[in-house]
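> Could you have a look at this structure, given as structure tokens, before my questions?
Quick note: the coordinates plus some simple rules give every number you see, no bench work behind them. Small disclaimer: the values here were computed from a predicted structure and weren't measured. Please note: Cβ atoms are built from the backbone with ideal geometry, for glycine as well, and neighbour counts cover all protein chains shown.
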Amino acid sequence: MSEVTLSKLSHCEPGDKCWQLIEQGAIVIDVRSPQEFAGGHLPQAVNVPLDTLATWVARVSNPQQIFLLYCGAGIRAQKGCDILSASGLPSVVNAGALNDLLACEPRR
């Protein structure tokens, strides 16, 4: 995906764009605590708590993959994006808050 497109999506304001990325195979990361994750999450999400993200990134097998991060309000997701970007991953997107994503989920 081009840098211009990703820069426009660096924070998905209309959640539809985030859902498009999910449908296209983006890796969805929930950076909340395991307890928050257990209380509800997107089915395609993996739980990588923010405090473990710097260690987790070393196991990424495809650094060109798009990574979409969310949390409770978007603040931890942005911190997570900063960590992944600083680690050399070029395609990270702050999807904001879980509730905002759920509100924009496409109806099938």
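> Give the residues of segment 47-101 that are buried (at least 16 other Cβ atoms within 10 Å of the Cβ) and acidic (Asp, Glu), sorted by residue number.
Scanning segment 47-101 gives a single hit, 100.
> Report whether or not residue 86 is closer than 15 Å to residue 30 by Cβ and of a type in the set (Gly, Ala, Ser). Before the answer, list the steps.
Values: closer than 15 Å to residue 30 by Cβ: no; of a type in the set (Gly, Ala, Ser): yes.
For residue 86, the condition - closer than 15 Å to residue 30 by Cβ and of a type in the set (Gly, Ala, Ser) - is not met.
Conditions (1) under 13 Å from residue 50 (Cα atoms); (2) out of contact with any Cys (no Cβ under 9 Å at 6 or more places or on another chain), marked per residue:
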| site | (1), (2) |
| --- | --- |
| 65 | no, yes |
| 70 | yes, no |
| 75 | yes, yes |
| 78 | yes, no |
| 81 | yes, yes |
| 91 | no, yes |
| 95 | no, no |
